[in-house]
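Here is the structure we will look at.
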Amino acid sequence: MMATYHDLREFLMQNLLYFLLKWRPWMLFCIYVTISSIILFSGNPYQRSVYLTSANAVSASVYRSANNVTSYFNLHDINEDLQHRNAELERELLATRTRLRQYEELEYAAKVPVDSALQRYDFIIAHVINNSIHRPHNYITIDRGELDGIKPEMGVVDQNGIVGKVNVVGPHSARVISLLNDYLRISCKVKGTEQVGSLVWDGKDYSEALLEELPRHSTFAVGDTVITSGYSSSFPEGVPVGVIASEMRDHDDNFYTLRVRLFTDFSRLSTVRVVIDNMSDELKSVESDPDEKNKQF
């Protein structure tokens, strides 16, 4: 065992001496360079300044590389923290938007003038969350539903004029048959007259509709205002619809067909009002099954 240890020690010493002898010129060169550098930088302020600047640059680069490596391994934690912060900010943003919408609704309701003829009507303010204008049968979705008091057949208007009629109601939303849908026909008349026709969309231009079946003895002029007739509980009488743009040739000589330029801009629908007729239930009760009521007399 001792022989082996002695042989190993001798082997290591021989290799160390061999290494020193082999690399002696380079080692001497490095020693001379080090000594020369110390003398140069310690005795000359300019060279010392250059050295310190270079050393700082190298150190900064090393630190920067080390920091990049450390940051890379911390990216998961940083990203998770950012996700939590983003989620919290998103919740705060949604809460702020909800409060802002409530304030806008109050301001909107306060600005809407109340006509004495509309005292029997109330309104539910809603916001359009989906809308189509280029399909043959267009519909609108609003963010109010059955829990908010919305029912089928209720009329929908905006600040300019009529929009449509409620068709399908869910707990928190409702679908509205848009005026831009030929399934919907609304009783209207020319303002200042009593002759009634049916307003219907012809599927061509979202800014225009047709007032059909207007009696031939009606009086009107291009530019006259068209309003709702009030013959339905969906819309009060006198809600603005549009203005007469032109008269069209009708296949029936007993009626006029008028092209009406709509007041409502369906491409920019945002806030709407759903019409509540407080006499709706009473009117339905009175008007239901008239033949049965006549039997009592």
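The values are calculated or read from the model by the stated rules, or taken from the named source; none is laboratory data. Treat the numbers as computed from the prediction; the structure is a model and nothing was measured. We place every Cβ from the backbone using ideal geometry, glycine too, and count neighbours over all the protein chains shown. In case anyone asks, the SASA skips ligands and DNA or RNA and just uses the protein heavy atoms, side chains included. Shrake-Rupley method; radii C 1.70, N 1.55, O 1.52, S 1.80 Å.
Criterion first (of a type outside the set (Gly, Ala, Ser), within 30 Å of Glu104 (Cα to Cα) and surrounded by 18 or more Cβ atoms within 10 Å (Cβ to Cβ)) does Val260 satisfy it? For Val260, the condition - of a type outside the set (Gly, Ala, Ser), within 30 Å of Glu104 (Cα to Cα) and surrounded by 18 or more Cβ atoms within 10 Å (Cβ to Cβ) - is not met. Looking for something free of Cβ contacts under 8 Å to residues at least 60 places away in the same chain, closer than 29 Å to Ile124 by Cβ, of a type in the set (Asp, Glu) and surrounded by 15 or more Cβ atoms within 10 Å (Cβ to Cβ) - is there at least one such residue anywhere in segment 203-223? Yes. The single condition among (1) farther than 23 Å from Tyr231 by Cα; (2) open to solvent by less than 20 Å² (accessible area, probe 1.4 Å); (3) more than 23 Å from the chain's Cα centre (by Cα) that Gly155 does not meet is (1). Looking only at residues in segment 115-126 that are in a strand (DSSP E or B) and surrounded by 15 or more Cβ atoms within 10 Å (Cβ to Cβ), the one that is modelled with the lowest pLDDT is Tyr121. Checked against (1) open to solvent by less than 30 Å² (accessible area, probe 1.4 Å); (2) under 21 Å from the mean Cα position of the chain (by Cα); (3) under 27 Å from Met279 (Cβ atoms); (4) in contact (Cβ under 8 Å) with a residue 40 or more places away in the chain, Ile162 passes all but a single condition, namely (2). Scanning segment 249-297 for residues that are at pLDDT 80 or above and of a type in the set (Lys, Arg) gives Arg259, Arg261, Arg268, Arg273. The conditions of being under 17 Å from Pro240 (Cβ atoms), touching a Phe, Trp or Tyr at 6+ places or on another chain (Cβ under 8 Å) and not small (Gly, Ala, Ser) are met by Asn160.
Just so you know, in segment 135-152 the residues that are of a type in the set (D, E, K, R) and either open to solvent by 60 Å² or more (accessible area, probe 1.4 Å) or under 19 Å from Asp182 (Cβ atoms) (or both) include one that is farthest from the chain's Cα centre (by Cα), and it is Lys151. Condition check for Ser267 on (1) farther than 15 Å from Ser198 by Cα; (2) in a strand (DSSP E or B); (3) not aromatic (Phe, Trp, Tyr): one failure, at (2). Only one of the numbered conditions (1) open to solvent by less than 30 Å² (accessible area, probe 1.4 Å); (2) in contact (Cβ under 8 Å) with a residue 40 or more places away in the chain is not met by Tyr183, and that is (1). If the condition is being in a helix (DSSP H, G or I) and either open to solvent by 100 Å² or more (accessible area, probe 1.4 Å) or small (Gly, Ala, Ser) (or both), then segment 18-37 contributes Tyr18, Phe19, Leu21, Lys22, Arg24, Trp26, Phe29, Tyr32, Ser36, Ser37.
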